[in-house]
Amino acid sequence: MLKGRSLIDTMDFSIEEVEEVLELANQIISNPEEFSHLCKGKLLATLFYEPSTRTRLSFEAAMLRLGGEVLGFSEPNSSSVSKGESIADTVKTIGCYADIMAMRHPKEGAPQVAAEHSPVPVINAGDGGHQHPTQTLTDLLTIKAAKGRLSNLTIGLCGDLKFGRTVHSLIKAMSRYENNKFILISPQELKIPEYLKKKLEKEQIYFSEIEKLDEVIGELDILYMTRVQKERFFNEEDYIRLKDSYILDEEKMEKASKDMIVLHPLPRVNEISYEVDNDPRAYYFKQVKYGMYVRMALIAKLLGVK
Ligand code: NCD
């Protein structure tokens, strides 16, 4: 039962519950009209303590397309947060107005604290360098649509694997399905965090760490590109040195299989050349659309509307 629950970590939902959400998303995709009044009279609050256009608008579009309404802030300095209000008090208050909320926060764990105090479901819309479970639902829906399965896949994750929360959530989620392999492509300084590596080792899930994309691109079913997370660097010099570590262009794409798909949570900075956008294997803009549908399904499930 998903009604009344929060989604903070990708692993909060069982495989079956994830499937339930993806299933509903697919129903919505095939007949959006049928769902366009599902959330009439319901209100979504978006609490964005960190800049975002894509994810916030995706949540808002999702709720509006379900016939619900939205309110919220994207600039914490213009709210009571700037007066020093705690997260607990903010969500207790907003929980009096809204039926569900989506929170993005620069501090890891903040949405968890919110969920503990909120009278209504809380959705983690990204917490620091930690997790981004709705991006992961988006990725799963996209992968399933493109590949027809979530198992037996060789997944290359490339770029900032240290700070990239979408990568952390996706690895956790995909490691639950059978026989997936992870090829982790990053500079030395931007490898996945130790806790994730330990998890994969403990569960005996295959992964390899490598620096060169060219050497492995031919083996991949999925290439998940990521942006170097500028805002999480302590010094500008390191960022400048690492920011263009990988640039996917058509020359590299020629070495990839014709069935490989390219995903990217966006925003893109330099990691994918614009020329790749016209390649049929480029899935990142389709992924954006799946993101809205999966958020529609998630909101409906957590609200328990039918
Ligand atoms: C991602 C994020 O916020 O972590 N963006 C998104 O939500 N689509 C990726 C990123 O910012 O690089």
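No value in this document is a laboratory result; all are computed from the given coordinates. Being a predicted model, the structure only gives us computed values, none of them experimental. Cβ sites come from the backbone with ideal geometry, for glycine too, and all protein chains shown count toward neighbours.
Using Cβ point charges alone (K and R +1, D and E -1), the dipole size of the chain about the Cα centre works out to roughly 740 debye. Exposure proxy shown here: for D127, D249, D99, the number of other Cβ atoms within 10 Å sets the order, fewest to most, as D249, D99, D127. Each of Y239, M296, S58 was placed along the dipole of the chain (beta-carbon charges, centred on the mean Cα), and the one lying farthest toward the positive end is M296. Of all aspartates and glutamates in the structure, those lying under 17 Å Cα to Cα from K289, and not within fewer than 8 positions of it along the same chain, are E23, E33, E60, D139, D277. Between amide H atoms placed 1.01 Å from N, distances below 5 Å from K181 occur with L153, T154, I155, all of them 5 or more places distant or on a separate chain.
By a straight-distance test (C-alpha under 20 Å), which lysines pair with K197 as possible cross-link partners, with residues fewer than eight away in the same chain excluded? Within reach: K162, K172, K181, K212. Amide H contacts for I261 (H built 1.01 Å from N in the peptide plane; partners 5 or more residues away or on another chain; cut-off under 5 Å): I222, L223. The sum of -39500 (n - 2.57) across all DSSP H runs of n ≥ 4, divided by the residue count of the chain, sets its helix-only mean residue ellipticity at 222 nm to -11000 deg cm²/dmol.
Based on the Cβ-Cβ distance of K230 and I210, what FRET efficiency does E = 1/(1 + (r/R0)^6) give at R0 = 35 Å, to the nearest 0.05? Calculated value: 0.90. Annotation: the antiparallel percentage among DSSP beta bridges lying fully within the chain is about 5. Distance between the 7 Å Cα→Cβ label points at K199 and S257: 2.6 nm.
On the principal axes of its alpha-carbon atoms, the stretch 134-287 has extents of 42, 40, 30 Å, going from largest to smallest. Can you give the FRET efficiency to the nearest 0.05 for E189 and S86, using r as the Cβ-Cβ distance and R₀ = 30 Å? About 0.30, to the nearest 0.05.
Based on the alpha-carbon gyration tensor of the stretch 50-104 and its eigenvalue square roots a ≥ b ≥ c, which shape applies: rounded if a/c is under 1.5, prolate if not and a/b is larger than b/c, or oblate? Judged from the Cα gyration tensor, the stretch 50-104 comes out oblate (a/c at least 1.5, b/c at or above a/b). Simple spin-label estimate for N179 and K144 gives 2.0 nm between the two label positions (7 Å along the Cα-to-Cβ direction from each Cα). How much net charge surrounds L2 when only other residues with a Cβ under 9 Å from its Cβ are counted (Lys, Arg +1; Asp, Glu -1)? For residues surrounding L2, the net value is +1. For the stretch 185-222, chymotrypsin sites (Phe, Trp or Tyr not before Pro) meeting the loop criterion (DSSP other than H, G, I, E, B) and having at most 12 other Cβ atoms within 10 Å: Y206. What is the helix-to-structure angle for 165-174, meaning the angle in degrees between its Cα long axis and the longest Cα principal axis of the chain, kept from 0 to 90 and rounded to the nearest 10? Here the helix axis deviates by roughly 80 degrees.
Largest first, the three principal axis extents of the alpha carbons in the stretch 230-281 are 39, 19, 16 Å in whole numbers.
The alpha carbons of the chain occupy a box of 54, 45, 40 Å along the principal axes, longest dimension given first.
Residues K107, K301, K191, arranged from fewest to most other Cβ atoms within 10 angstrom of their Cβ, appear as K107, K191, K301.
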